[in-house]
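Nothing in this text is a laboratory measurement; each read-out follows from the coordinates by a stated rule. Predicted, not measured: the structure shown is a model, and the values here were computed from it. Neighbour counts run over all protein chains shown; Cβ positions are idealised from the backbone, glycine included.
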Amino acid sequence: MYTELKELINFLAIYMHHRIPRRRICLFMESYSNHLAGRFLGKWKPEEPEYG
């Protein structure tokens, strides 16, 4: 789960690189990754990908 979240956050940071100041991107990456990790903590089932 953490690998997938890390890749998503890195993709979004690269996409926003030229549009938003670096400091705001870092703050966004940190807060959004914490939010997503908390949301999927008990629901992520890598052995059953069709269920999340």
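Using 0.36 nm per residue, how much length does the chain from Ala13 to Met29 gain when fully extended, once their Cα-Cα distance is taken away? Don't skip to the answer; put the middle values down first.
Values: separation 16, 0.36 × 16 = 5.76 nm, distance 0.72 nm.
Contour length minus the Cα-Cα distance gives 5.0 nm.
3J(HN,Hα) along the range 20-32: 10, x, 4, 4, 5, 5, 4, 5, 4, 4, 5, 5, 5 Hz, from the Karplus curve 6.51 cos²θ - 1.76 cosθ + 1.60 with θ = phi - 60°, whole Hz, x for Gly and Pro. What number comes out for the charge environment of Asn10, summing +1 per Lys or Arg and -1 per Asp or Glu over other residues with Cβ under 15 Å away? Here the charged neighbours net out to -1.
Note that the range 6-13 has calculated 3J(HN,Hα) couplings of 4, 5, 4, 5, 5, 4, 5, 5 Hz, one per residue in order, obtained from phi through the Karplus relation 6.51 cos²θ - 1.76 cosθ + 1.60 (θ = phi - 60°); glycine and proline are x. Note on the chain: with charges restricted to the Cβ of Lys and Arg (+1) and Asp and Glu (-1), its dipole about the Cα centre is near 460 debye.
Once Rg and the Kirkwood radius are both taken over the C-alpha atoms of the range 2-51, their ratio Rg/Rh works out to 1.07. Full extension of the chain between Ile20 and Glu48 yields a length gain of 6.4 nm, computed as 0.36 nm times the residue separation minus the alpha carbon distance.
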